[in-house]
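The values are calculated or read from the model by the stated rules, or taken from the named source; none is laboratory data. What you see is a predicted model; the values in this text were computed from it and never measured. Heads up: the accessible areas ignore ligands, DNA and RNA and are worked out on the full protein's heavy atoms, side chains in. Shrake-Rupley method; radii C 1.70, N 1.55, O 1.52, S 1.80 Å.
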Amino acid sequence: MKKDFLTLKDYSADEIEYILNLSLEIKKDKDSYCNILKGKNIAILFDKHSTRTRLSFEVGINQLGGNVIVLDAKSLQLGRGESYIDTAKVFSLYLDGVIIRTFSQETLEIFAKYGSIPVINGLTDTYHPCQVLADMLTLKELGMLNKKIKFTYIGDSNNVTNSLIIGFSKLGIDITIGCPEKYSPAKEILEYAESQKNGSKVNIINNPVDAVRDADVIYTDVWFSMGQEMDDKKLEELEKYQINSDLLKYAKKEVKIMHCLPAHTGQEITSEVLYGENSIVLKQAENRLHAQKGLLVYIYGKLYRENKK
Ligand code: CP
Ligand code: NVA
């Protein structure tokens, strides 16, 4: 039964595609699978701020008939130093699953190892897999989740970038990363993409104009992720990588602009572009709900795995 979602590495390309198709089916009919989580109690344990992830999981679990318990890490005994190992073991006695947003990926791994319930990554410093499921769903709906597109992520290489690289390489789709060399994705992420051996490439391009040239999609995220200090030097180093109307001129006219939100307008993107006609950021936010419902139905419905046996 246990089927953790700690990173997109945990799921095969077939499983990802299955979840995306399921999410589309659920999106078309809001009441489908409305009892699949009946009698299930799923906790949300977040150490960092959240609007979209928290709300979309709360609403999604409710729509699937389950009960959500939103926990405040500080008021649990965790806040007084109880170990994650003991917490994971105790959670497993009462709950059917937990969605965790925290700093270290290792914390999630500990939870998954010592608990017996599915653990879902609601964001760590290293990965944001639920976001990327929703991003893939958004592109799929637009008929753009395919090997022909030029997809460029530009700016700081962070948790969202890592999950995009892993997800795209799993599906065999090329991804271009536009960033200063200093802010390139970590070696192990690039090695993982390479290990997929399906011919897809991660192209790292330091010149922002070349990175977005003829792009079908340009994606960005904040330059200072939660937990990072604002730093003037980094601001200066990334200045040329801002998505603004000048940079957009080099992409295709109908280029789609993506951002996981929240955005810091005036830094990684201008408000003109974020709210402009090419932006699909609200579609991404909306699809958080549908992609996560697809994920939950997959985990708890055991549909696909049972069919495969
Ligand atoms: N994109 C995203 O994860 O948003 P929240 O931080 O609001 O959950
Ligand atoms: N990279 C950002 C994503 C927020 C959803 C952060 O970790 O703060």
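With a 1.4 Å probe and all protein chains left in place, how much accessible area per residue does the chain have, in Å²? Please list the in-between numbers first.
Details: 13960 Å² over 309 residues.
Accessible area per residue, the chain: 45 Å².
For the chain, with a Gaussian network of springs between Cα atoms less than 10 Å apart, report the residue from Tyr153, Tyr298, Tyr275 with the top mean-square fluctuation.
Per the Cα network of the chain with a 10 Å cutoff, Tyr275 tops the list.
Can you give me the C-alpha center-to-center distance between the stretch 239-256 and the stretch 163-185, rounded to a whole angstrom?
Computed from Cα coordinates, the inter-centre distance equals 18 Å.
Among the aspartates and glutamates, which fall within straight-line cross-link reach of Lys40, defined as a Cα-Cα distance under 18 Å, with same-chain neighbours fewer than 8 residues apart omitted?
Of all the aspartates and glutamates, those that pass the test against Lys40 - Cα under 18 Å, at least 8 places apart if same chain - are Asp4, Asp31, Glu58, Asp96.
Would you work out what percent of the accessible area of the stretch 75-162, with all protein chains in place, is carbon or sulfur (probe 1.4 Å)?
Here carbon and sulfur together make up 51 percent of the probe-accessible area.
Filter Lys201/Lys283; Lys201/Lys252; Lys9/Lys201; Lys48/Lys293 down to the pairs with a C-alpha to C-alpha distance above 24 Å, please.
Numbers: Lys201/Lys283 27 Å; Lys201/Lys252 21 Å; Lys9/Lys201 17 Å; Lys48/Lys293 22 Å.
Over 24 Å Cα-Cα: Lys201/Lys283.
Kindly identify the stretch 1-51 as rounded, prolate or oblate by the Cα gyration tensor criterion: order the square roots of the eigenvalues as a ≥ b ≥ c, call it rounded if a/c is under 1.5, otherwise compare a/b with b/c, prolate if a/b is larger, else oblate. Write down the numbers at each step before the final one.
Working: a/c = 1.56, a/b = 1.09, b/c = 1.43.
Note, shape of the stretch 1-51 comes out oblate.
Which percent of the accessible heavy-atom area of the stretch 227-273 goes to carbon and sulfur, probe 1.4 angstrom? Could the numbers behind the result be given before it?
Values: 1320 of 2840 Å².
On the stretch 227-273, the fraction of accessible area on carbon and sulfur atoms equals 47 percent.
What percent do you get for the relative contact order of the chain when only Cα pairs under 8 Å and 6+ apart count?
On the way: 566 pairs, mean separation 62.8, N = 309.
Relative contact order comes out at 20 percent.
Across the stretch 115-200, what fraction of all alpha-carbon pairs, as a whole percent, falls in each successive 10 Å bin from zero upward?
For the stretch 115-200, the pair-distance distribution reads 17, 49, 29, 5, 0.
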